[in-house]
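Colleague: The following block contains the structure, expressed as structure tokens.
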Amino acid sequence: MSDTNQSTAAGEQWSEYAEEMNRSFVEAFEQNMRMQSEFLDSWRESLADSGLDETTVDGMQGVSRAYEVWMEAADAQYELVDESLRGEDVVLESFRDVWLNAANDAFKEVMGTGAFAAATGQTVGDMLEASEQLDELNRETLHSFGFATDDDIAEVGERLVELERRQQAVERKLDQVLERLDHDDS
């Protein structure tokens with residue numbers, strides 16, 4: 001057998017092997033997608049029948065919808081790989097775009113739920129409470145070192161305003177007394 005015939009035979013064997021591997025991969029991928037979809041559907045149905053509160057169920061369903069978005073992206077990614085293997089021109093940015101769009105859509109699914117809003121509200125509330133506790137700790141620390149705090153400075157400012165008001169009242173009375181004295185002398 002000549003080298004050309006051996007090369008051709010080896011190339012054909014490799015092509016058959018690669019084709020069989022691709023077919024096996026596709027079948028395994030499709031079966032995996034079907035099984036995950038069935039699991040997701042049964043999970044969603046069990047949520048509807050559960051005694052969980054509405055916010056929790058809403059949050060879980062948002063996560064479920066986000067998962068579906070990721071699975072659709074995986075399917076689209078697979079289609080791009082398949083097109084590439086068939087020799088079609090596939091723009092490299094298409095792979096990136098599939099995942100970027102999927103990330104945006106998945107985040108929308110999760111962030112649009114009442115559970116996300118409740119969790120965000122709870123987090124903001126916790127942060128405000130922690131901030132207030134930190135402010136109080138800072139005030140106590142400054143006082144222990146003999147430094148003035150913003151509350152101390154505000155109190156001093158209020159006292160100064162009150163002193164100015166009293167001083168003006170005393171000056172008015174003094175002006176009235178002086179006026180009478182001048183009036184009585186005339």
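The values are calculated or read from the model by the stated rules, or taken from the named source; none is laboratory data. A quick note: this is a predicted structure, and the numbers were derived from the prediction, not measured. Glycine gets a Cβ as well: all are built from the backbone with ideal geometry, and neighbour counts include every protein chain shown.
Colleague: Given the criteria within 30 Å of residue 30 (Cα to Cα) and touching a residue at least 12 places away in the same chain (Cβ under 8 Å), does residue 116 qualify?
Modeller: Answer is no for this residue.
Colleague: While we're looking at this one, here's another question. Go through the range 50-68 and report how many residues are at pLDDT below 70 and closer than 22 Å to residue 109 by Cβ.
Modeller: Residues flagged as at pLDDT below 70 and closer than 22 Å to residue 109 by Cβ within the range 50-68 amount to 2.
Colleague: Related question: When the range 93-128 is examined, which residues are found to be farther than 30 Å from residue 81 by Cα and loosely packed, with under 12 Cβ neighbours inside 10 Å?
Modeller: 120, 121, 122, 123, 124, 125, 126, 127, 128 - these are the residues of the range 93-128 that are farther than 30 Å from residue 81 by Cα and loosely packed, with under 12 Cβ neighbours inside 10 Å.
Colleague: So for the range 73-85 (the condition being at pLDDT below 75 and among the polar types (S, T, N, Q)), does at least one residue qualify?
Modeller: No: zero hits.
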